[in-house]
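Pasting in a structure now, in structure tokens, and then I'll have a few things to ask.
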Amino acid sequence: MSSHLKESVAAFSEKFGFLLGSGVPLVPSLETILAEVVDPRLEEVVRQVLGRIGEGTGFAEALAAFPDVFSPSYLGMVRAAENQGILDTMMGKIAAGVREGIIPVGGPALAAGDPTTAEARAAVDRLFDLAVAREATDLHLVPTPAGLTASCRAAGRLVDLESFSAALREPITVRVKFLAHLDLAEKWLPQDGRAQLTVAGKAIDARVNVLPVALGEKITISLLSRDPFRLTLDRLFTDPADRAAFLDLISAPAGLVIIAGPHGSGKTTTAYAALQTLHEQGKAVTSIESPVGMIVEGVAQAPVRPHLGLDWNQLLNAFDRSDPDVLFVGEIPDAETLGRLLKIALGGRLVIASMHADDVSDVFRRLLDLQAPPHLLASAMAGVMVQRLVRKVCPDCATDARVKKTDLAALGWRGDKPRAREGKGCDRCNRSGYRGRVALYDVFRPGKTFKDILAQGHSTRLDAALAAPAAPGRRTMAAAGATLVATGQTTLAELTRVLGSPDQD
């Protein structure tokens with residue numbers, strides 16, 4: 001490595017830290033350096049780093065794509081500083097370390113290709129093929145004393161895929177980290193990255209998390225389609241009454257709508273279908289997400305990028321000036337953001353937010369825990385929808401089953417003769433008896449009495465009001481699930497697994 005590039009990297013680090021410390025945001029700082037840099041190699045690197053950051057990549061992750069310029073030691077210090085939010089103070093120290101030779105520059109170039117073995121590459125490709133074939137949402141690689149186990153989350157359940165020997169544990173880990181542009185030498189700190197892949201003809205966005213554990217590194221890969229989102233509410237809602245109730249909820253001209261459920265309950269999918277519907281109705285829709293999940297055509301989706309200084313507050317300020325009708329927020333991170341969302345909802349716009357919550361009562365408890373002023377919450381709240389996903393009986397191995405009518409009646413079913421079915425297990429369903437999933441919904445629209453109680457902020461009275469018999473036209477998730485059992489679409493065992501005992505809904 002030439003002394004010229006060494007000085008260029010030191011000067012880059014020093015100036016970058018100085019600009020950040022002077023209050024210049026990350027991207028403008030890099031743009032300033034790009035306009036003034038002399039070294040041609042560093043100029044190209046900064047240009048590409050800016051492009052990667054513009055796609056949502058973190059600063060250290062963007063630098064890691066250039067190991068011929070930035071060594072593992074350099075990247076490790078930058079990553080630690082970025083994680084701690086002290087880039088502005090640490091870059092000067094990093095520059096001094098480069099000049100003194102304590103921090104080397106120019107690690108071994110990987111321009112020749114992937115540093116891993118053909119066997120590891122084949123193994124990782126095979127795992128991606130298996131996961132995509134099973135329509136998995138996540139791929140898990142966990143180190144074990146014997147080596148490495150791979151599993152995927154399909155239909156909400158972890159399914160074992162393959163086990164590998166100890167000799168392949170490290171090569172497979174390195175292969176995944178290489179694909180995600182992560183620091184191959186870093187084994188003691190968590191890392192996050194992403195890779196854009198084509199698997200079985202499908203464009204996949206793989207979001208990689210590496211977590212150091214006792215026996216090595218545990219890798220979780222979230223698999224998202226890069227194709228535009230095209231799922232409609234008609235396909236999501238199998239029951240016309242549920243669909244009509246939800247459409248009525250999101251047709252409110254203004255107010256706060258919460259779409260809730262536990263992790264993996266499909267609430268983001270429902271929210272995206274709602275945004276697509278609102279866009280098709282001629283409404284201007286904007287979303288603020290961390291990160292953006294899937295692209296919804298016609299919706300302006302803004303990712304939160306704290307490493308660029310683009311936080312929730314700044315995006316909400318920009319939203320106010322963008323002439324929207326609808327705002328979707330992928331999460332409510334804190335009390336300040338919730339307060340601003342309530343004011344936007346009261347100002348005449350529809351605000352839709354997703355939330356991790358078990359039921360309608362839990363939604364209101366969480367909102368009050370976030371210090372939402374009860375009187376503002378009561379005025380702004382348009383409604384809540386809570387959902388769960390249950391597995392469907394595999395149609396290829398389904399047989400008649402017996403279920404007690406009294407068990408279904410206890411859940412709210414009012415039919416006459418149930419026609420229950422269960423899957424015996426076949427190759428199509430991986431011997432599970434289930435294939436695919438269907439959603440259960442509980443749509444709640446607060447009336448005047450409930451809003452009066454909410455405005456007083458009494459959580460006990462709220463719970464009592466919500467525990468009262470369902471209002472006419474409102475169907476609980478238990479009743480919806482009982483209907484699916486009675487019509488042979490799922491089983492009572494699956495419904496109990498998801499919802500718990502009948503008295504819990």
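The values are calculated or read from the model by the stated rules, or taken from the named source; none is laboratory data. It should be emphasised that the depicted structure is a prediction, and the values quoted were computed from it without experimental measurement. With ideal geometry, Cβ positions are generated from the backbone for all residues, glycine too; neighbour counts draw on all protein chains shown.
What about residue 18, is it buried (at least 17 other Cβ atoms within 10 Å of the Cβ), in contact (Cβ under 8 Å) with a residue 24 or more places away in the chain, touching a Gly at 6+ places or on another chain (Cβ under 8 Å) and among the hydrophobic types (A, V, I, L, M, F, W, C)?
Criteria not met by residue 18.
Would you confirm whether or not segment 257-272 contains a residue that is in contact with a Phe, Trp or Tyr (Cβ under 7 Å, 6 or more places away or on another chain), under 22 Å from residue 332 (Cα atoms) and crowded, with 16+ Cβ neighbours inside 10 Å?
Scanning segment 257-272 turns up at least one residue that is in contact with a Phe, Trp or Tyr (Cβ under 7 Å, 6 or more places away or on another chain), under 22 Å from residue 332 (Cα atoms) and crowded, with 16+ Cβ neighbours inside 10 Å.
Same structure, new question: Just to be sure I understand, how many residues within segment 261-319 are touching a His at 6+ places or on another chain (Cβ under 7 Å) and free of Cβ contacts under 8 Å to residues at least 24 places away in the same chain?
The total comes to 1.
So, one more: Being closer than 23 Å to residue 250 by Cβ, of a type outside the set (Phe, Trp, Tyr) and surrounded by 14 or more Cβ atoms within 10 Å (Cβ to Cβ): is that true of residue 310 here?
no
Now a separate question. Working only within segment 182-203, note down all residues that are surrounded by 21 or more Cβ atoms within 10 Å (Cβ to Cβ) and either in contact with a strand residue (DSSP E or B) (Cβ under 6 Å, 6 or more places away or on another chain) or aromatic (Phe, Trp, Tyr) (or both).
The answer is 182, 191, 193, 194.
Name every residue in segment 156-212 that is of a type in the set (Asp, Glu) and part of a strand (DSSP E or B), in order of residue number.
Selection gives 160, 162, 192, 205.
Can you work out which of the residues in segment 63-72 that are crowded, with 19+ Cβ neighbours inside 10 Å and touching a residue at least 40 places away in the same chain (Cβ under 8 Å) is farthest from residue 174 (Cα to Cα)?
At the first step, the residues of segment 63-72 found to be crowded, with 19+ Cβ neighbours inside 10 Å are 63-64, 66-67, 69-71.
Then keep just the ones that are touching a residue at least 40 places away in the same chain (Cβ under 8 Å); that gives 64, 67, 69-70.
Working: 64: 14, 67: 15, 69: 20, 70: 18 Å.
Filtering first and then ranking leaves 69.
Continuing with this model, one more query. I'd like to know if segment 403-412 contains one or more residues that are in contact with an Asp or Glu (Cβ under 9 Å, 6 or more places away or on another chain), within 25 Å of residue 246 (Cβ to Cβ) and not assigned by TED's automatic domain parsing to the domain that holds residue 237.
Yes, that holds for at least one residue.
Here's the yes/no breakdown for (1) surrounded by fewer than 18 Cβ atoms within 10 Å (Cβ to Cβ); (2) within 27 Å of residue 244 (Cα to Cα):
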position: 288; (1), (2): no, yes
position: 304; (1), (2): no, no
position: 314; (1), (2): yes, no
position: 323; (1), (2): yes, no
position: 331; (1), (2): yes, yes
position: 335; (1), (2): yes, no
position: 359; (1), (2): no, yes
position: 364; (1), (2): no, yes
position: 375; (1), (2): yes, no
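Need the failing condition index for residue 476 against (1) modelled with pLDDT of 90 or more; (2) crowded, with 21+ Cβ neighbours inside 10 Å; (3) closer than 15 Å to residue 384 by Cβ, just the number.
All conditions are met except number (1).
Search segment 210-247 for residues being charged (D, E, K, R), more than 26 Å from residue 199 (Cα to Cα) and touching a residue at least 24 places away in the same chain (Cβ under 8 Å), and hand back the single one that is surrounded by the most Cβ atoms within 10 Å (Cβ to Cβ).
Only one residue fits best here, namely 242.
Whether any residue in segment 83-93 is among the charged types (D, E, K, R), modelled with pLDDT under 90, within 30 Å of the chain's Cα centre (by Cα) and closer than 21 Å to residue 181 by Cβ is what I want to check.
No, segment 83-93 contains no residue that is among the charged types (D, E, K, R), modelled with pLDDT under 90, within 30 Å of the chain's Cα centre (by Cα) and closer than 21 Å to residue 181 by Cβ.
Further question on the same structure: Going by the structure shown, is residue 248 part of a helix (DSSP H, G or I) and more than 25 Å from residue 343 (Cβ to Cβ)?
Spelling it out, it is not the case that residue 248 is part of a helix (DSSP H, G or I) and more than 25 Å from residue 343 (Cβ to Cβ).
Something else about it: So, in segment 28-54, how many residues would count as being at pLDDT 90 or above and surrounded by 18 or more Cβ atoms within 10 Å (Cβ to Cβ)?
Count: 6.
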